[in-house]
Amino acid sequence: WVVIWLGVEGGRRKSPTKFCFVAVASIPLGSAPQLLSLSAPSLPLAMMRSQVLSLLILSVMEMTRAFAPQLLSPSAPGLQASASSLAKNLKISRSTRRPSARALSNLRCSANLKEGPSSSASSGDEVEMREGSFVVDGYRAFYVAAVPAKRKEGMDPLVLVHGLGSNSAHFSKNAQALAQATGTAVYSVDLLGFGRSVKPGNIGYNAPLWEYQLTEMIQSVIKEDKVFLAGHGIGAYICMLTAADNAKKVRGLCMLGPLGRLGVLNPTGLDIPFLRLDFVAKQLGGQLFSKYQTPEAIRKLLQEQYVDASKVDSELVSALAAPWQDAQAKIKGSEVFTGIFKSGEDRMWEQLISVDKVGFCGPLLAFWGKGDSVADPSEASVLKDLQPKAEVVMVEAGHYPHHEQPQIVNDRIARWMQTIVEEDEDFPVPRIPRYKKLELTLKNIW
């Protein structure tokens, strides 16, 4: 038995308020913690939101980890069952249940709890799906990892980066399959401002921010000598930036419907100063966000960007729409998309990938959907001019070839990774002089 007492004292000086409650939780052998009773005589039910529930569950889980670690084994029921039981016992209304679920999800990430092997994996090739989080300058970012039970020696991890308005759920048909095929861990990250990652205000949502987040994840979470990077849409551009600035850490770069040809992330693809004006950016950002704000809007948008509209299933739509449904997230979401229009011009492809020792010079694989209405398939020729050895695959799909034709994309990526590891060829790495009082610009780097 675990008894938890929590007291909170606050309010104004002349009228202080005190809230306290006592929770009794049980930890029966072989199952997850369950809340049995709750006493909160002076704490309104509406006050029991994410902070209180997070602290309660975190305390129980930490004590479980310390005194009964066997309860956290893959055979034990996950924390989701506890969350469901918790909501039922507290009789949380529909309006307050959503924040609590989000809080519990975030708690599970930060505690880095493990779930059991996926039921779809065959015996001997089991893939365990894990959720976790890391901190980027005080902001918590979320990721999902598919980890094979038996890791293949010498195979480097793969990191998947989503595109605009999306999140890690858009790789639901790829992460587990790639982990099983390659024998290495596959990470799907939620960029700051999207998915379950935090959506802070008053920061610049732009390519340097997300490049820094991806670099921080490679260093603090993955902690391997080298990684493979794969990104979709603007996520492909973020991977380009990361590979160019960290060439020694990147084994290979894969791009899916890449954007940012001229170093601009806004939907026009052009650096137009007028669009960066505050009132203009807010207006355009709000209009763009409206296309991702509700399940109906997301379904309509995706069906326009898929060749086979039937591939836009309800599970995907729900996963993409869920992070935007509470009132605070809708406010933050508008700020995120406004930041896309406020972001200025960054480096062009020519400055990120080339055989002239500029940017990333290593193995490169790119996918374009033949019916892509967002990323122009004709830009594949530009990529081939920059890197003649780059492999370009045209797929019978729209803007999301990895979700519309997952079997083709997964098989090709797995074979590409395997070939790179087996050949283990070196490629030139850019050298950036770091002399004192030398202004580092694109003109004097080389």
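Tabulated data for the structure shown
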{"read-out": "Ordering of 156-165, 332-341, 379-388 by packing [mean C-beta count within 10 Å, highest first]", "value": "156-165, 332-341, 379-388"}
{"read-out": "Backbone HN-Hα couplings from phi across segment 409-415 [Karplus 6.51/-1.76/1.60, Hz, Gly and Pro as x]", "value": "5, 4, 4, 5, 5, 4, 5"}
{"read-out": "Distance between modelled label sites at Asp308 and Gln287, nm, 7 Å Cα→Cβ extension", "value": "3.4 nm"}
{"read-out": "R0 of 35 Å, Cβ-Cβ distance Asp225-Val280: FRET efficiency to nearest 0.05", "value": "0.20"}
{"read-out": "Rounded, prolate or oblate (a/c below 1.5 giving rounded, otherwise prolate when a/b exceeds b/c) for segment 231-372 by Cα gyration tensor", "value": "oblate"}
{"read-out": "Which listed pairs, of Lys173/Lys332; Lys226/Lys248; Lys226/Lys389; Lys173/Lys370, have C-alpha distances above 18 Å, in listed order", "value": "Lys173/Lys332; Lys226/Lys389; Lys173/Lys370"}
{"read-out": "Segment 346-409 shape via C-alpha gyration tensor axes, a/c threshold 1.5", "value": "prolate"}
{"read-out": "Gain upon complete extension [Gln407, Tyr139; 0.36 nm per residue less C-alpha separation]", "value": "93.0 nm"}
{"read-out": "Other-chain or far-sequence residues with amide H under 5 Å of Val392's (modelled H)", "value": "Ala366"}
{"read-out": "Cα-based shape type of segment 125-206, given that a ≥ b ≥ c are square roots of the gyration tensor eigenvalues and the cut on a/c is 1.5", "value": "prolate"}
{"read-out": "Simple Cβ-charge dipole of segment 244-400, Lys/Arg +1 and Asp/Glu -1, about Cα centre, in debye nearest 20", "value": "340 debye"}
{"read-out": "Dipole in debye (nearest 20) - segment 142-253, about Cα centre, beta carbon charges: Lys, Arg +1; Asp, Glu -1", "value": "260 debye"}
{"read-out": "Long-range amide H partners of Cys254 with built H, under 5 Å", "value": "Leu229, Ala230, Gly231, Leu365"}
{"read-out": "Contour minus Cα-Cα distance for Glu423 and Lys370 (0.36 nm per residue)", "value": "16.0 nm"}
{"read-out": "FRET efficiency, Ser381 to Ala149 (Cβ-Cβ, R0 30 Å, nearest 0.05)", "value": "0.10"}
{"read-out": "Contact order relative to length of segment 272-354, as percent, for alpha carbon pairs under 8 angstrom and 6 or more apart", "value": "43 percent"}
{"read-out": "Segments 185-195, 407-417 sorted - mean Cβ within 10 Å per residue, highest first", "value": "185-195, 407-417"}
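Each value in this text was obtained by applying a stated rule to the coordinates, not by laboratory testing. The structure displayed is predicted, hence computed values, not measured ones. FYI the Cβ positions are ideal-geometry reconstructions off the backbone, even for glycines, and counts take in every protein chain you see.
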